[in-house]
Amino acid sequence: MHEEMVESSDLETDRPEEQGPEISEHIDPRARHRHEQELYYDQDRMAEEPRRHRKRGRQYHLDDASTLPAMPDGPSEEYMDDVQDFEDGFYMPGAFHGDRDLDGQGQRIWDGGKDRQRNHRHNQRMTPMARRDDPVQQHSQEKRGLTAALSHAQTEARTLQRQMEDMKRELRGAREALAREQAKRQEDRHLLDARGEELRNAHAFLTKADAHSHADIKAMIVALNLEIMQLASYMSDTLHLDQSQLDPSDEGASAAVSQEKHILGDRMIFLLGTRDNQDLREVALLCSLQAVMVRTCNETIRRWHRETKIHKICSELYQDVKDSNAPAVAGRWRALTRAETKYRSEEDVEDLCSRLLVTHLWSVSRIAGWMTPDGRSIIEKDFGGRIMEISKLMKQVDRAMNEGITSEDLVTYVVQPDVRFDPAMMVDDNQGSQAEMVTEDEVTVACTTELGLKAYSADSPSDDVRDFRMTVLMKPKRAILTIHAAD
């Protein structure tokens, strides 16, 4: 039998080395059990070694008859650990260790097979028992694993949070940079639009290309003259004239005479008021109707604005611009100014021309003997469509000449009444007429029945003082009268 020894690892820290014999590291469990029984019933030794029993972790029940603890109910888990330690560390010559020194049959006996020896109980007693705290350890391991996973997840979350904050800062910086870039691009776009507008304006001033040719303008004027002649002929054939003489006390007739005298002249007013020759009065009525419409269209075309004051200011400014700048620059200034001042509203110009035409037509008809009380409204009702067409043709000629031609000045013109006939500036409109209005003594212009056209171009554009050359493109037609020269 082995010598009983006390385990030195458990006693070195609790008691002096001289107290009790040392327990061998590879002591037999049965010998250890006997040794513990001896220690239990040895009161003196128990009193000397209280800490050893506490160190071993044994759980006792106090005996009612004495102060000594009762015998334990069964082996503690700590002794089962000792058994396992014994099996792992015990070695004796001639003894077998596990399945290393056994053959197949012996292995079956050792594993608890059918072929058992008489020491199988010893084998069962030496088999380590399952630990009671395995579920606790399993839960503890699971807890440690979950805690480690949670810590790892929290660390990863903090890392992701820092990355997200960094990305947010980068995003804010990118948005701010984008906003600055957009603001810069917006400023560049506004600047580009402004420069483009300046270039377009400069191109409008510096271009020398005309939108229309002389032939285009002449064709427009011919169409306007033709429409005027057709309306005058239709009205002279439609109106029924009274044979009564003009009443000087008639305010309407007197106002009509005063209004049309500066357009028709004294001789045409006299012919319109005569009642002796019906054919002569009808011819005078036809020429007078044409004359007032031609004169109204010419004045409307030449005006810069419907207001007389603004018209004079613009006309004087244009004359200064034309004298100090190239014809192309002056032409573009004229085109832009007229477009912004006169034709801001095209309907106003057409309505103004139509009202003026109605007024002049009614005055001429009243002088000729058309005594209808509501003559103005009848003219607007019966001839309003043709009058509006004349206004549109007049506007077309005006914009084509003054906005579409920039290299030179094109001007419509008429000749004042009661002046001598000039073949270089006008054409006789009485050739082939049935009315005998020409004699051999003296030829005088009665009125203008068609618009004429002339052009002004710079003769020496490089000089400081420019000379303009006038060219007649269309001669206006004139109705002429012949009277005996006074002695």
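Throughout, read-outs are computed from the coordinates displayed, never taken from laboratory work. What you are looking at is a predicted structure, and each value in this text was computed from that prediction instead of being measured. No Cβ is skipped: glycine too gets one built from the backbone with ideal geometry, and neighbour counts run over all protein chains shown.
The calculated FRET efficiency for the pair ASP374 and SER254, based on their C-beta separation and a Förster distance of 22 Å, comes to about 0.70. Among PHE270, PHE421, the order by Cβ neighbours within 10 angstrom, fewest to most, reads PHE270, PHE421. By the count of other C-beta atoms within 10 Å, a proxy for reagent exposure, SER407, SER377, SER354 are ordered fewest to most as SER377, SER407, SER354. Exposure proxy shown here: for ASP467, ASP351, the number of other Cβ atoms within 10 Å sets the order, fewest to most, as ASP467, ASP351. Averaging 1/r across all pairs of distinct Cα atoms in the stretch 211-407 and inverting the result yields a Kirkwood radius of 18.2 Å.
Applying the Karplus relation 6.51 cos²θ - 1.76 cosθ + 1.60 with θ = phi - 60° to the stretch 144-161 yields 3J(HN,Hα) values of 4, x, 5, 5, 5, 5, 5, 4, 5, 5, 5, 5, 5, 5, 5, 5, 5, 5 Hz, where x marks Gly and Pro.
In this structure, the amide hydrogen of GLY452, modeled 1.01 Å from its nitrogen in the peptide plane, lies closer than 5 angstrom to those of TYR413, counting only residues at least 5 positions away or on a different chain. Put simply, the amide H of CYS447, placed in the peptide plane, has neighbours under 5 Å in ALA479, leaving out anything fewer than 5 places away on its chain.
Going highest first, how would you order 238-245, 315-322, 166-173, 284-291 by mean Cβ packing within 10 Å? Could the numbers behind the result be given before it?
Details: 238-245: 11.9, 315-322: 14.1, 166-173: 10.0, 284-291: 26.4.
Ranked from most to least packed, the peptides come out as 284-291, 315-322, 238-245, 166-173.
Bridgeable lysines around LYS454 (alpha carbons under 30 Å apart, same-chain partners fewer than 8 residues away excluded): LYS208, LYS218, LYS261, LYS309, LYS312, LYS322, LYS342, LYS392, LYS395, LYS475, LYS477. Compared with the direct C-alpha span, the chain from ALA202 to GLU340 gains 48.0 nm at full extension, assuming 0.36 nm per residue. The protection proxy used here, the mean number of other Cβ atoms lying within 10 Å of each residue, ranks peptides 386-396, 138-148, 294-304 as follows, highest first: 294-304, 386-396, 138-148. Given R0 = 56 Å, the distance between the Cβ atoms of GLN137 and ASP188 translates into a calculated FRET efficiency of 0.15.
Hey, with R₀ at 35 Å, roughly what FRET efficiency would GLU176 and LEU150 work out to, going by the Cβ-Cβ distance, to 0.05?
My answer for the efficiency is 0.35.
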